[in-house]
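Reading through the structure tokens given below for one structure.
The values are calculated or read from the model by the stated rules, or taken from the named source; none is laboratory data. Since this is a predicted model, take the numbers as computed values, not measurements. Neighbour counts are summed over all protein chains in view; Cβ atoms, including those assigned to glycine, are modelled from backbone coordinates with ideal geometry.
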Amino acid sequence: MTPMWIESVGTLALRGASALLALQPDLTPGGGGAAPRHAGGGGPAGGGTMQIVMMVAMFALVWLYVFRPMRQQQKEQESVQQGLKKGERVVTTSGIIGTVHEVREKEIVLEVSDRTRLTFLRDSVSKRYDGAADTKPSEADKK
């Protein structure tokens, strides 16, 4: 009497072997060796064209949903950095909020509190700060 797991392994092996044999091409009698079923070769006609169309479509989707918004955001950030003026409230990439005190060619000086000034590269400004948008009470606070 054989253990149950040996029988199940044997059954799986037989199923796998029959599946592999089903995938083999037909053997020609007397010719020795395998020959394809159809002399015409590969897959359906126009299959390569469909692959090219699908690749172009995938590239278009990636460009539409990834690269285009990223490029628009980059242009917007550059316009903010180039249009900095004294007295504007800005947020740096590190999250520091301050008022522009001085604008230099490659640097800006932010006043973060009374008489506390920090110098940053212009590239470190991420956006203009609108404090009114952040201080609105939420609907849960109103109730």
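Test T99 against the criterion of being surrounded by 15 or more Cβ atoms within 10 Å (Cβ to Cβ) and in contact with a Phe, Trp or Tyr (Cβ under 7 Å, 6 or more places away or on another chain), and give yes or no. Before the answer, list the steps.
Values: surrounded by 15 or more Cβ atoms within 10 Å (Cβ to Cβ): yes; in contact with a Phe, Trp or Tyr (Cβ under 7 Å, 6 or more places away or on another chain): no.
Criteria not met by T99.
Consider V125 carefully, then state whether it is free of Cβ contacts under 8 Å to residues at least 24 places away in the same chain and surrounded by 11 or more Cβ atoms within 10 Å (Cβ to Cβ). So V125 does not fit the description; no. Taking every residue in the range 75-94 that is under 12 Å from R128 (Cβ atoms) and pairing it with any residue that is loosely packed, with under 11 Cβ neighbours inside 10 Å and at pLDDT below 90, at least 6 positions away or on another chain, the pairs with Cβ-Cβ distances below 8 Å are R89/D130; R89/G131. Every condition in (1) under 30 Å from V112 (Cα atoms); (2) modelled with pLDDT of 90 or more; (3) out of contact with any Phe, Trp or Tyr (no Cβ under 8 Å at 6 or more places or on another chain) holds for Q74 except the one numbered (2). Applying the selection to the range 94-119, what residues are touching a strand residue (DSSP E or B) at 6+ places or on another chain (Cβ under 8 Å) and either in a loop (DSSP other than H, G, I, E, B) or at pLDDT below 90 (or both)? Matches in the range 94-119: I96, K106.
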